[in-house]
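Structure, as structure tokens:
The values are calculated or read from the model by the stated rules, or taken from the named source; none is laboratory data. Quick caveat: nothing in here was measured; it's all calculated off a predicted structure. Cβ coordinates were reconstructed from backbone atoms using ideal geometry, including for glycine residues, and neighbour counts include every protein chain displayed. To get the accessible areas, we keep the full protein, side chains included, count just its heavy atoms, and leave off ligands, DNA and RNA. Shrake-Rupley method; radii C 1.70, N 1.55, O 1.52, S 1.80 Å.
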Amino acid sequence: MKAGIIGLPKSGKTTLFNILTGAAQPTDRFTVSKETHVGIASVPDRRLERLRDLYSPRRYVPATIEYVDIPGLRTGEGAESPDLVALKEVDALVHVVRAFEDPEMLHPEGSVDAARDVESVNLELVLADHELVERRLGRLEQSKKRGLDGEEQRELALLRDVVLPALEGETALRELGLEGEDEKRLRGFQLLSAKPLLVVLNVAEDGLSAVPEVPRAAGVEIVAVSAPIGDSTPISKSGCVPWATSA
């Protein structure tokens, strides 16, 4: 499995990436990384460990997750963000949302507002998808001159009649609930707002008892952790890192 880690600058996403993968990427309070980081984490599975202990196989290969941590998104970039291209082939997205105060580290939007940030990043993904869909539709319209085959006609209908209107209405494609061939066809486009999303609310160490409310939608899971800049241990409501152990 491959997951992309996204979020606004100074959300704590690279700190979380380091914790999950054992990496040591810098997480300075006053500078913003412009690099994409890739790391792999083993997925603990007590059932598999028990089988290993019972049968002592020659090889023991636990499941792994590859994490791609892109630079912090800037609102308004949308389709112009080159870093979003690195997320095209991931299976799911992890959006780290800052929900902790730190007077020494200004929020890029001027204040801490988890609900606003969830909506802002969702819009950036929608805008990026909108650009890609418009380009694909343009190519299909040009291909009409030679005649479209059956698959191209179905693709055109899906993008023109279902996908584009949703994006123009600022709706993430994962909310469409497509099934069957349409779902497979949409998945093949590798559009970002269609990917399953885990929203990680990054709260202060003492903030798990007061987790902020954020928008909930189809295809989105929400967890709370404590992994502010400089901390070393994430803590969720269940005491574990749920997206690493249950993915």
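Listed values, structure above:
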{"quantity": "Long-range amide H partners of Ile222 with built H, under 5 Å", "calculated": "Val199"}
{"quantity": "Probe 1.4 Å, accessible area per residue of region 37-120, Å²", "calculated": "61"}
{"quantity": "Along each principal axis, Cα extent of the chain, largest first, Å", "calculated": "60, 55, 31"}
{"quantity": "The chain - percent of accessible surface contributed by carbon and sulfur, probe 1.4 Å", "calculated": "48"}
{"quantity": "Under the Karplus curve 6.51 cos²θ - 1.76 cosθ + 1.60, θ = phi - 60°, whole-Hz ³J(HN,Hα) for region 161-166, x wherever Gly or Pro sits", "calculated": "9, 10, 6, 4, x, 5"}
{"quantity": "Dipole of the chain, positive direction: furthest Cα of His130, Gly22, Leu8, with charges on the beta-carbon", "calculated": "Gly22"}
{"quantity": "Estimated 222 nm signal from helices in the chain, with DSSP H stretches of n ≥ 4 weighted -39500 (n - 2.57), rounded to 500", "calculated": "-9500 deg cm²/dmol"}
{"quantity": "Cα pair count fraction exceeding 16 Å, expressed as % - region 109-233", "calculated": "67"}
{"quantity": "In the chain, lysine pairs with alpha-carbon atoms under 27 angstrom apart (chain gap of 8 or more, or interchain)", "calculated": "23"}
{"quantity": "Nonlocal amide H pairs with Ile6, under 5 Å, H built at 1.01 Å", "calculated": "Val94, His95, Val96"}
